[in-house]
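Structure, as structure tokens:
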Number of protein chains: 2
Amino acid sequence: MPLTFRIESAIDGALARAGGGAPPPRLTSALHHAVKPGGARIRPTISLSVALACGDDDPGTADRAAAAIELIHCASLVHDDLPCFDDAAIRRGKLTVHRAYSEPLAVLAGDSLIILAFEELSRATPARGLPLVAELARFTGMPHGICAGQGWESEDEIDLATYHRAKTGALFTAATRMGAIAAGHDPEPWTELGARIGEAFQVADDLLDATQTEMQTGKPMGQDALHDRPSAVGQLGIPGAIRRLEDILSGAIASIPACPGEAMLAAMVRKTAERLTPVHHRTPAE
Amino acid sequence: MPLTFRIESAIDGALARAGGGAPPPRLTSALHHAVKPGGARIRPTISLSVALACGDDDPGTADRAAAAIELIHCASLVHDDLPCFDDAAIRRGKLTVHRAYSEPLAVLAGDSLIILAFEELSRATPARGLPLVAELARFTGMPHGICAGQGWESEDEIDLATYHRAKTGALFTAATRMGAIAAGHDPEPWTELGARIGEAFQVADDLLDATQTEMQTGKPMGQDALHDRPSAVGQLGIPGAIRRLEDILSGAIASIPACPGEAMLAAMVRKTAERLTPVHHRTPAE
């Protein structure tokens, strides 16, 4: 079964449960708007790929873990787009939730999606569900998850590596580790792969923000410079950031633990790298 | 050990974990501001009281359940106070989180506290942890939890009972049910007690909002009328709402399941009722 089908089915199942009974219609609609149609679903793809590499002996749990990661990622996008943060009008080529609905409904949609992510994990096989809850909380909350990463933007003194590791890297690390746990494996050997993919993704995102147009990406660009946010491009320049991205991706592939699905996973990382190539291909070194 | 001590210790433990390592200092401080010092801690008191009535054979799990409920309650207050909802300046006699820190930090503090609540449950005894996660999610998210309740405020057509049951009642129902689960008991017989306490609390809150001053309560009053929100006072008038409150509390005490701690629990409900008496004592019928 293609990963995309599994991921969308798991997400649709979660949304159907959140919209069951007779819930408030506009908030229900706002949840759909925030989650469907998705972006590249990179995080759940990584999570399911690791679960498959680990034998995928419990597909229901692996699907729920993947859905949980994507739901909480969507929640973070909805809250990041709010007027008090990026004040973004466009996300994934359509209006952001607060523009399409309202600011109250965007706050509530984010909250509901965070809770829905944990609710999905509560439906996992019992012995694996609670460790998955612990992982998701660890990599999304305080002190080191994506909330902490966003929190660093309110500080005067900020370490770029710490900031990126929490804001962007944490959920990629959660993805590889949760994929392993969902398949009954030790998550530790999978930590580095997630961290490196996350690092690559952040550098690529900084490069996109600095070089692409809103027309090309479907969201407002130049936000880092506009909001005076720390970025790899600001620190290393464009050529330096491109070299950094190449190094990180090589390291990611090298870090994949020996396992039956090793070649498939390396292909997945290479495919993720290709997604980051709009900038990659324009490096003067090539 | 007094319940208050257990509750505050459990909350302090959670906050210490959220503030461990080297997290962003202002967000860490905002979490403390949102949670300490607390209000009456009514929800965790109910939860622990039910756990005790059920034998309290796993105090660590009961404490984590109580802390989780209070943390998510505090999260809901922080988000409810935001400019796009109540735009409140004062909560529990001090500045609200967005006024004391900033709007971004208030959004993040709420998100972090939601996640921290689930993280606390991930530390419960494994066999009880996952059912507790399911309960907390069910009564806080969509379609019937406190997020849904708040979501009804964005609808033109609204059923008052459905709205109150979700917005305020849900977390009281979670409190009694989670107390039972934490002590290894079936939650079903405890549902009605939580629902009735929640109903009483909502009617009392509507009465306070309609009749008290900001000086007496430490938060802005008259918000229901100001925001044109549905309320028991608006629907029944003040005398009608007071009669309703008395009926509900009698029903709550009558609903307590036969158990060794039955008398203690009835006393707890009566004490909760006394907390609601500023209005109760001024009824013309007395």
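All of the numbers you see were taken from the coordinates with simple rules; none came from a lab. Nothing here was measured: the structure is a model prediction, and the numbers come from that model. Every residue, glycine as well, gets a Cβ built from its backbone with ideal geometry; the counts of neighbours run over all protein chains shown.
Some points to look at:
- Eligible aspartates and glutamates near A:K94 by straight Cα distance, threshold 17 Å, same-chain separation 8 or greater: A:D80, A:D81, A:D86, A:E103, A:E214
- Reachable aspartates and glutamates, given that their alpha-carbon falls under 15 Å from the alpha-carbon of B:K36 and they are not under 8 places away in the same chain: B:E8, B:D12, B:E70
- GNM flexibility winner over chain A from A:F85, A:F118, A:F139 (Cα, springs under 10 Å): A:F85
- With label points set 7 Å from Cα along Cα→Cβ, the inter-copy distances at A:L95 are 3.4 nm, sorted shortest first.
- In Hz, Karplus ³J(HN,Hα) per residue of region A:148-158 (6.51, -1.76, 1.60; θ = phi - 60°; x = Gly, Pro): 4, x, 5, x, 4, 5, 9, 9, 6, 9, 8
- Selected from B:A127, A:A182, A:A109, residue furthest toward positive end of dipole (the protein assembly as shown; charges at beta carbon): B:A127
- Between this copy and the others, label points of B:E274 are 7.2 nm apart in ascending order, each placed 7 angstrom from Cα in the Cβ direction.
- Over region A:3-274, the ratio between the Cα radius of gyration and 2.2 N^0.38 Å evaluates to 0.97.
- Student exercise, region A:3-274 dipole from Lys, Arg, Asp, Glu Cβ charges, in Debye to nearest 20: 780
- This ranking places B:S9, B:S29, B:S47 by how few other beta-carbon atoms lie within 10 Å of each, fewest first, which gives B:S9, B:S29, B:S47.
- Annotation: peptides B:233-246, B:64-77, A:180-193, ranked by per-residue average of other Cβ atoms within 10 Å with the highest first, follow the order B:64-77, A:180-193, B:233-246.
- Order of A:V35, A:V133, B:V269 under a 10 Å beta carbon neighbour criterion, fewest first: B:V269, A:V35, A:V133
- Kirkwood Rh, angstrom, the protein assembly as shown [1 / mean 1/r, Cα pairs]: 24.3
- Screening chain A for whole DSSP H helices of 24 Å or more along their axis (Cα) with average Kyte-Doolittle hydropathy at least 0.0 returns A:59-80, A:103-121, A:191-211, A:232-255.
- Simple Cβ-charge dipole of the protein assembly as shown, Lys/Arg +1 and Asp/Glu -1, about Cα centre, in debye nearest 20: 280
- Mean partner shielding of peptide A:73-83, defined as the number of other chain Cβ atoms within 10 Å of each residue Cβ, is 2.
- Computed per residue of the protein assembly as shown from DSSP H runs no shorter than four, each worth -39500 (n - 2.57), the mean residue ellipticity at 222 nm is -21500 deg cm²/dmol.
- For region A:1-104, relative contact order (Cα pairs under 8 Å, six or more residues apart, normalised by length) works out to 29 percent.
- The residues A:I197, B:I114, when put in order of fewest to most other Cβ atoms within 10 Å, stand as A:I197, B:I114.
- Neighbouring Cβ atoms from other chains, within 10 Å of the Cβ of residues in A:18-29, number 6 on average.
- Charge-dipole axis of chain B as Lys and Arg at +1 and Asp and Glu at -1 on Cβ define it, positive-most pick from B:I42, B:G60, B:A88: B:G60
- Full extension of the segment from B:E157 to B:D57, taken as 0.36 nm per residue of separation minus the current Cα-Cα distance, would add 31.4 nm.
- Of A:A30, A:L136, A:L207, farthest towards positive along the dipole that unit charges on Lys, Arg, Asp, Glu beta carbons give the protein assembly as shown: A:L136
- Distance between the C-alpha centres of region A:116-142 and region B:102-155: 12 Å, rounded to the whole angstrom.
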